[in-house]
1. Considering every residue within segment 121-138, establish whether at least one is touching a Cys at 6+ places or on another chain (Cβ under 8 Å) and of a type in the set (Ser, Thr, Tyr).
2. Can you find a residue that is within 30 Å of Phe72 (Cα to Cα), at pLDDT below 95 and in a strand (DSSP E or B) anywhere in segment 139-153?
3. Are any residues in segment 45-57 surrounded by 20 or more Cβ atoms within 10 Å (Cβ to Cβ) and either more than 16 Å from Thr161 (Cα to Cα) or at pLDDT 90 or above (or both), and if so, which ones?
4. Give all pairs with beta carbons closer than 6 Å in which a residue from segment 21-42 that is within 28 Å of Leu55 (Cα to Cα) meets a residue that is acidic (Asp, Glu) and part of a strand (DSSP E or B); count only pairs at least 6 apart in sequence or on separate chains.
5. Would you be able to tell me the number of residues in segment 70-85 that are part of a loop (DSSP other than H, G, I, E, B) and modelled with pLDDT of 90 or more?
6. So which residues in segment 73-82 are out of contact with any strand residue (DSSP E or B) (no Cβ under 6 Å at 6 or more places or on another chain) and surrounded by 15 or more Cβ atoms within 10 Å (Cβ to Cβ)?
7. Pairs only if they're at least six apart or on different chains, beta carbon under 9 angstrom, first in segment 72-83 and aromatic (Phe, Trp, Tyr), second outside any strand (DSSP E or B); list them, first residue then second.
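The values are calculated or read from the model by the stated rules, or taken from the named source; none is laboratory data. Quantities reported herein were computed from a predicted structural model and do not represent experimental measurements. Virtual Cβ from ideal backbone geometry, glycine too; neighbours counted across all protein chains shown.
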Amino acid sequence: MISLTKKVLFFSVFLIVGCSTTRVDEEINSAFTISGDESIVLLSNSYHTGNQTELDFMECVNSSISKKQNAFEIVPTRQFQNLFYPWFEPSTAPQTVEDLPKVLGNNLIKEKLSQMKIKYLIKITGQTKTNASSGALSCAAGPGGGGCFGFAWWDDTSEYTASIWDLSQETAVGNVTANVTGTSMIPAIVIPIPILARTQSNACEGLSNQIVSFFSG
């Protein structure tokens, strides 16, 4: 019979951070300024594009930018969409900077944006995907104990682009990108030990750093 101590060991999962590589880029198209009482807002790409930017990633970038700076305000994505419903829902929001005049031609929207001092809309596109995987794990339990044996691995890529739109000028002033690749693995000799690359969280950190740097530099 398996003792309580052995049961705890058998069902424990140890998380070890795997290796990943991060690349960030920045492109500035035109001059821009932002002051402490002006705001930015982040939006993800539409459901209609086929790969909606993950909600947890958007929440991560919103939170990370808020913690990293105090040079401007950031309006949380969901709060912004609720205030401007239905114009900035994923199915109706502008997909390119060329679509802005259609939305900003509505005087109610334009006046409300001005009242809230929302100067820049940052459109984030991208996704985290698994490129390749291999290996196998086998787990079994019996009267004398149990365990897992084998080895599995997978490569992930988290690639995101933030296009920064000036709402007053209806132009794109620049772009920042974060591309993170990494290999996660699970070796198992009795106890499986996930070694995770955490590419999405690293991409969140890289992209939020770049956005803050863009406006501060």
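1. Yes, that holds for at least one residue.
2. There is no residue in segment 139-153 that is within 30 Å of Phe72 (Cα to Cα), at pLDDT below 95 and in a strand (DSSP E or B).
3. Phe57
4. Once the first residue is within 28 Å of Leu55 (Cα to Cα) and sits in segment 21-42, its partners that are acidic (Asp, Glu) and part of a strand (DSSP E or B) give Ser39/Glu73.
5. 4
6. Pro76, Gln81, listed by residue number.
7. Within 9 Å, the pairs are Phe72/Ile34; Phe72/Ser35; Phe72/Gly36; Phe72/Asp37; Phe72/Glu38; Phe72/Phe215; Phe80/Phe88; Phe80/Met116.
Conditions (1) at pLDDT 95 or above; (2) closer than 23 Å to Asn62 by Cβ; (3) surrounded by fewer than 19 Cβ atoms within 10 Å (Cβ to Cβ); (4) of a type in the set (Ser, Thr, Tyr), marked per residue:
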{"position": "Ala162", "(1), (2), (3), (4)": "yes, yes, no, no"}
{"position": "Thr177", "(1), (2), (3), (4)": "yes, yes, no, yes"}
{"position": "Pro187", "(1), (2), (3), (4)": "no, no, yes, no"}
{"position": "Val190", "(1), (2), (3), (4)": "no, no, yes, no"}
{"position": "Ile193", "(1), (2), (3), (4)": "no, no, yes, no"}
{"position": "Arg198", "(1), (2), (3), (4)": "no, yes, yes, no"}
{"position": "Leu207", "(1), (2), (3), (4)": "yes, yes, no, no"}
